[in-house]
Amino acid sequence: MAIPDDVAAFLGRHTRVYLLTRRRDGAPTIHPMSGFFADGRVTMSTYRKSTKARNVERDARTACLVVNGYGKDDVRGVLVRGRGSLREATMPVPPSTESEAPKVSSSVAGRVAERMASGKRVFLDVEPDEAAFVQRLWSE
Amino acid sequence: MAREAIAMTREELLAFLGTQRWVALGTLDPDGTPVGDLVPVVLDGERLRFAVPRGSRADDNIRRDPRVCCAADEFPSYYEIRGAVAHGRAEPHGTPDRLGSEWTEYAIVLDDVTSFDFRKVRNKY
């Protein structure tokens, strides 16, 4: 789908993601994550055996709420609604130099890369069928 | 690492949620896809109250299927990440005085909550 320029620009700048999946009983659940936007989709890294990965394998109906900043009160967000899937990849998480996410040590990043290479970790992609700003109508 | 090892105690959970002003709210669209919104929230004893604009997508979704999820988290630094994800059935709670008649409020009981506090992580790399 074509993503509006202002929505794509927001997704390209922000890495704080609430991944929405469905539990085994069908109820919605949320997984706070870090993710990135590339190739028209939102991508996160997770363990293949994690609850979120199992939820997406069982039911591909998935969404991401991508929000600005960490700990900011003037929160804004974009909802990316679509289909989730798992993807094996040997590359580590993307360059973090411009990310606003809390920094991890190089040893943590190294362990993630190792586990991606071994297949213990996979990418979880959300391919959008809808991407738009969510309304935030209240003031503090 | 077992998840239980870094979960908040009940006391810590209520103290944490008591400081939150908004949450990510998960509801189900008519086709069953989960969707998220940003909504204002207040802790009310053992319940979490949140408000949505009357007639909004989230409001319509809740009226059709009251199963919801609320997530709140904080990120001062990696090893200070804290958060909680609460699941429940949204019960109508009227019009919130603090927001006005354009809004409608719901509440969930905090009896199905997952929490994490990275300050409890023992093996730091």
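When Cβ neighbours within 10 Å are restricted to other protein chains, what is their mean count per residue of peptide A:14-21?
4
Express the C-alpha Rg of chain B as a ratio against the empirical globular expectation 2.2 N^0.38 Å, rounded to two decimals.
Normalised by 2.2 N^0.38 Å, the Cα Rg of chain B equals 1.12.
GNM on chain B, C-alpha springs below 10 Å: top fluctuator among B:99, B:28, B:48?
Its mean-square fluctuation being the largest, the pick is B:99.
Quick one: work out Rg over Rh on the C-alpha atoms of the stretch B:79-120, Rh as Kirkwood radius.
Reported Rg/Rh, Kirkwood definition of Rh: 1.18.
Any idea what Rg and Dmax come out to for the stretch B:46-104 if you just take the C-alpha atoms, in Å?
14.1, 41
Pick out, in residue order, every one of the GluC sites (Glu not before Pro) in the stretch B:1-65 that is DSSP loop and has at most 15 other C-beta atoms within 10 Å; say none if there are none.
Answer by residue number: B:46.
Roughly how many whole Å is it from the C-alpha centroid of the stretch B:9-29 to that of the stretch B:106-120?
Centre-to-centre distance over Cα atoms comes out at 6 Å.
At a threshold of 8 angstrom on Cα-Cα distance, excluding pairs fewer than six apart, so keeping six or more, what relative contact order does chain B reach in percent?
In percent, rounded to a whole number, it is 27.
For peptide A:29-37, how many partner chain Cβ atoms fall within 10 Å of a residue's Cβ, on average?
Neighbouring Cβ atoms belonging to other protein chains average 5 per residue here.
At what distance in angstrom do the alpha carbon centres of the stretch B:53-85 and the stretch A:34-93 lie from each other?
Cα centres, the stretch B:53-85 to the stretch A:34-93: 16 Å.
What percentages, rounded to whole numbers, describe P(r) for the stretch A:1-82 computed over all alpha carbon pairs with 10 Å bin width beginning at zero?
18, 49, 29, 5
What's the long-distance tail for the protein assembly as shown, i.e. % of Cα pairs beyond 27 Å?
Result for the distance tail: 34 percent.
No value in this document is a laboratory result; all are computed from the given coordinates. Only a predicted model underlies this, so the values are computations on that prediction, with no experimental measurement involved. So basically every Cβ, Gly included, is an ideal-geometry build from the backbone, and we count neighbours across all protein chains shown.
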